[in-house]
């Protein structure tokens, strides 16, 4: 059984790896520290989305991504964001299963738009040592996700740049 503190620290490293690097804009090619993202994940990392019905109706969220696919998706989305911040609201650790569930509030702002709060739940399964995330399932707020997509599209059509 992996210690509570190890699992919690690994989960927090996973979450904070998805923070935009300071002083980056939508014109920057890379806005995340890709080494930090890789460091928090196992080489065999996989990612899926939940809730089942929402995912079944949302083709871009279907299927399983490997680490490279996950990083590509995240990187492409951040090119459309002026800013992003996150705040961990709650963390539940299951030492027996080697997993963590975390609720995280993401404030995401498209250029020239007001921020949208996307209240996410991450379900993270760790390696046997508990030091890396092997599998994640991301539960997004579907209404906030749609609103953010609308605002990113409005920014793109207005030609807004950071």
Residue hits (segment 27-49; within 12 Å of residue 75 (Cβ to Cβ), touching a residue at least 40 places away in the same chain (Cβ under 8 Å) and surrounded by 16 or more Cβ atoms within 10 Å (Cβ to Cβ)) are 31, 32
Residue 109 meets each of (1) buried (at least 18 other Cβ atoms within 10 Å of the Cβ); (2) in contact with a helix residue (DSSP H, G or I) (Cβ under 6 Å, 6 or more places away or on another chain) with one exception, condition (2)
Kindly indicate which of 52, 86, 23 is within 19 Å of residue 120 (Cβ to Cβ) and either free of Cβ contacts under 8 Å to residues at least 60 places away in the same chain or in contact with a helix residue (DSSP H, G or I) (Cβ under 6 Å, 6 or more places away or on another chain) (or both). 52
How do the helices (runs of 4 or more DSSP H) wholly within segment 1-113 filter down when requiring 1 or more residues that are under 23 Å from residue 142 (Cα atoms): which remain? 4-16, 52-56, 67-78
Looking at this structure, is residue 58 closer than 30 Å to residue 158 by Cα and touching a strand residue (DSSP E or B) at 6+ places or on another chain (Cβ under 9 Å)? yes
For segment 95-113, what are the residues that are within 17 Å of residue 126 (Cβ to Cβ) and free of Cβ contacts under 8 Å to residues at least 40 places away in the same chain? 97, 101
Does any residue of segment 68-87 turn out to be surrounded by 14 or more Cβ atoms within 10 Å (Cβ to Cβ), within 15 Å of the chain's Cα centre (by Cα) and farther than 23 Å from residue 26 by Cα? no
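Values in this text are rule-based calculations from the coordinates and carry no lab data. It should be emphasised that the depicted structure is a prediction, and the values quoted were computed from it without experimental measurement. Cβ sites come from the backbone with ideal geometry, for glycine too, and all protein chains shown count toward neighbours.
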